[in-house]
Every structure is written in structure tokens, then in C-alpha cells.
1. Taking helices (runs of 4 or more DSSP H) that do not extend beyond region 45-128, which have at least 1 residues that are more than 30 Å from G176 (Cβ to Cβ)?
2. May I ask you to list the residues in region 105-131 that are among the hydrophobic types (A, V, I, L, M, F, W, C) and surrounded by 14 or more Cβ atoms within 10 Å (Cβ to Cβ)?
3. Restricting attention to region 211-226, does a residue exist that is closer than 30 Å to S86 by Cα and in a helix (DSSP H, G or I)?
4. Could you say which residue among L267, L249 is surrounded by 12 or more Cβ atoms within 10 Å (Cβ to Cβ) and in a loop (DSSP other than H, G, I, E, B)?
5. List the pairs whose first member sits in region 163-187 and is at positive phi, whose second member is among the aromatic types (F, W, Y), and whose Cβ atoms are under 8 Å apart, counting only residues at least 6 apart or on separate chains?
6. Out of (1) within 30 Å of Q225 (Cα to Cα); (2) in contact (Cβ under 8 Å) with a residue 12 or more places away in the chain, what's the single condition that is false for R110?
7. Need the failing condition index for T177 against (1) part of a helix (DSSP H, G or I); (2) polar (S, T, N, Q); (3) surrounded by 12 or more Cβ atoms within 10 Å (Cβ to Cβ), just the number.
8. From L146, L158, L205, which residue is touching a helix residue (DSSP H, G or I) at 6+ places or on another chain (Cβ under 6 Å), modelled with pLDDT under 90 and not in a helix (DSSP H, G or I)?
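The values are calculated or read from the model by the stated rules, or taken from the named source; none is laboratory data. Values in this document were obtained by computation on a predicted structure and should not be read as measured data. Note: ideal-geometry Cβ built from the backbone for every residue, glycine included; neighbour counts use all protein chains shown.
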Amino acid sequence: MTQTKQSTALVAISGGLDSICLAHSLLLGLSRPRNFKPTEPPSNVLDPLVADFIQQQSINKVELAYIDHSQRADTNFDIKAVRTISDKYSTTIHISKIDLPKDCSEEQARNLRYLELKRIRLDRGLDYLITAHHADDVIETAIINLSRGTGPKGLSSLRHHKNGTWRPFLINFTQGTFITKEDLEEYAQEHQLSWHEDSTNNSYLYLRNRIRHRLKEQISAPQKQAILKILAKAEQTNQELEEQTKLTLKTLSLKGNTYKRLLFMELDMDVKRHIIHSLISDNGYDVNRQAVQRAVDFIETAATKKTLQLKGCDVYISSKESFQIYPARQK
């Protein structure tokens, strides 16, 4: 009988409520015997969900990573909360400091943070990264993406498993099981957990914070559930579209990042946009509706040997019959 390969992971932990609950639920689940039987009904929504996640992914070890962005004077409180969890379960924790440039944007900070997390994960030989994104993050991200003009695909950019990152709190999102901030607060209270919220979370300088506070003030619990159901349906639809996109891309693909231009031009406009959105997402960043349409129009009308420069990637007309999309400065 073939044995399932055991998985290892690095857990991103900030010291805030979300990641403290994530780390605690994972370490608690891993500390329990394999034949552990939870109470029926379970006392909270996290325990059974995380237990299933550990079993499905065959996780046998996790380590924790805290990234100090060098932007606050109160990070010692974060580290205290993080060490409380790591000490309790005798878990390895990596504390890393990165220097962000002045006037660093949220996007730049996030990218640098993920690069550092990737470095730690690879140095430690761990398989995956695990983050604490939950249903409230899905709503915030959808609003941010739509405000930037990303189109319907922006409604479901956060997923349980994407590009080597696991998000257990979203594992059953498309099936209508939503882990919300309120669920995490209940879990923390039940297990008497301590955490420290990032002081910049109260700053209105950041778009996500402004959206978060507005939602908290204006959206009721029933309204939140209704929004989440719409987003879950959008996620299902987009997953189906992505499967169709992969099949279509196979028929368009030549060698490397080269695609059949004439065949592309015969496709329905909505299909073209979805394909270009996918290709730009894979090769660049900050994808929006305008960039996608510019790329589609360029592919259809530009002369041979012309290049369209987008954020992070270039679209190049290699011939009358073909075009290329590749990361910037790589041809």
C-alpha cells in the first residue's frame, strides 16, 4: 500500500488575533493523538476544520515565522504573543527583520514580506506557507480589486491553495463555510489566547484599513453572510472559467511564452480578456481591466516587432501569426 507523503509548512504569524488563532489551532491539532475524537457537536468552528485540513494535507510539522517591518516601536508586544504560542508547543520560531523603503506602499510591503517568508521556508526545507486569511479578508480584497478595475476575477483572488500557499480558513469557502473575524474572536476567548494588534491597523492612511472600518460600521452580520455567499459563487464560477482557460491556452500555445495570434483573434471578446488576464497575472502584477483591454487591442492591431509594456510584463508581437507575454526585461 502506498503511503501518503508527509507535508511540512511555515506559518506566517504576526502576533495579531488571526494568526495567533491559526498557529494555536494548527499546533493544538498536531499535538493531539491521531485517534483523537472531537466533541459532538464541536465547541467551535475552527477545531474540526483545522483537524480535517491537517489530515487531508498530511501535515506532520510546522514552524512559525514573524516578520518585523521596522515600521513600529511596539513589535516587542507582537513577539511576546508569538513566543507564548511557540513556547507552549515547543515549536521553532523564526524572527526576521526587513527594512522597508520610505513611503513604502502596502503592495511593496506585502511583496517584500512574502519574499522573506519564502526565503525562510526554502532555507528550512519546508513544503508550504500557511497564512491566516479568512472570510473578512475575502470581502476586503474583493472591494479593493473592484475599486482598481480588475473585473469579476478580482472577486475571488484569495484562495485556500494558490502558488504554494495554504489558507486553511478558506478551505471550504466555495461550499459556503465561512470563517469570519467573529469566529476567531470566539475561538480566542474559548482558549484564553493573548494577542497584540498591529497599531497601524487603526491608521486611515491605508486603503484596506479604511475599507475594514467602513465595513464594520455599515455592514450587519446578515449582510456580511449574504455578501460572502455571492463571493463564494463567484469563486466557483471563476474556478470553472480557469479550467476552460487552461484548455483554450493549450490550443493557443506554441513554444515558451509564445501564442497563436490569429487563433486568439478569432475568440469571443470575453474569452480573450479572461485569457489575457490569466497571462498577465502569471507574468506581471497589478492587473486591471484597462491593462487587459490594452493588451487585447495591442495583440489585434499592433505591427510586428512592437512591444507593449505593462506593470511587470511585456506583450510582444513576434510575427503576424504569434505574440508573446513574458516578465519585464526577459525575452
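1. Details: elements: 46-56, 75-88, 106-124.
Filter on region 45-128 gives 75-88, 106-124.
2. Step one: filter region 105-131 for residues among the hydrophobic types (A, V, I, L, M, F, W, C), giving 109, 112, 115, 117, 120, 122, 126, 129-130.
A109, L112, L117, I120, L126, L129, I130, listed by residue number.
3. Step one: list which residues in region 211-226 are closer than 30 Å to S86 by Cα, which gives 212.
Pick out the ones that are also in a helix (DSSP H, G or I) and you get 212.
Within region 211-226, one or more residues are closer than 30 Å to S86 by Cα and in a helix (DSSP H, G or I).
4. Working: L249 fails: in a loop (DSSP other than H, G, I, E, B).
Only one candidate qualifies: L267.
5. G164/Y128
6. (2)
7. (1)
8. Numbers: L146 fails: not in a helix (DSSP H, G or I); L205 fails: touching a helix residue (DSSP H, G or I) at 6+ places or on another chain (Cβ under 6 Å).
Going through L146, L158, L205 in turn, just one is touching a helix residue (DSSP H, G or I) at 6+ places or on another chain (Cβ under 6 Å), modelled with pLDDT under 90 and not in a helix (DSSP H, G or I): L158.
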